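Take a look at the structure below.
What follows draws every value from the coordinates through simple rules; no lab data is involved. Small disclaimer: the values here were computed from a predicted structure and weren't measured. When we count neighbours, we look across all protein chains shown, and the Cβ atoms used for this are built from the backbone with ideal geometry, even at glycine.
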């Protein structure tokens, strides 16, 4: 079984924050695939939706843990049913409205990914990095620094930012389907 985890923070106050961009996009992906709304699983500690892509069983999981403890949830879900892992999360080093796939890299300063790596003891999982960085006047990516970083990532998505996330969700759905059905190499080759 393939597991796709959408990192983010639980609770209504975080639903539409930039730090939850991975969850926002992954929720739209489920709609694109025609899957039902995720159901809460007390056993796993999060919301779960499962189905089939091609001939492959897939589960999509949204942990109840806060971002910095995402690894505990990933470890629990993979202990119950092991298999390949995909992690979908926000990336403040990518421009808003873009996404990239990567495999086997470090955390890149992302505490949620760092938690997953530390708990699982491996970097070997596919990542779908959803860009949340603002752009300057000349199109350059502007990464907030210091105290401004926390304020920025925990800030509410603007209408324009939400629209950009919805715009890329179809491509993310296609990339994830390709990764599940044909393998990560093919998906990375097409979408990077």
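Taking label points 7 Å from Cα along the Cα-to-Cβ direction, residue 81 and residue 14 give a separation of 2.5 nm. Could you tell me how many degrees, from 0 to 90 and to the nearest 10, lie between the Cα long axis of helix 70-80 and the main elongation axis, the longest principal axis, of the Cα atoms of the chain? Around 10 degrees separate the two axes.
A full extension of the chain between residue 143 and residue 186 corresponds to an added length of 12.5 nm, given 0.36 nm per residue minus the alpha carbon distance. Within the chain, DSSP assigns beta bridges of which about 55% are antiparallel (rounded to the nearest 5).
Take every pair of alpha-carbon atoms less than 8 Å apart whose residues are at least six positions apart; their mean separation over the length of the chain yields a relative contact order of 27 percent. From its DSSP helices (H runs of at least four residues, each -39,500 (n - 2.57)), the chain gives a residue-normalised ellipticity at 222 nm of -12000 deg cm²/dmol. Put a dot 7 Å past the Cα of residue 105, heading toward its Cβ, do the same for residue 174, and the two dots end up 2.2 nm apart. A Förster distance of 45 Å, applied to the separation of the beta-carbon atoms of residue 151 and residue 124, puts the FRET efficiency at 0.85.
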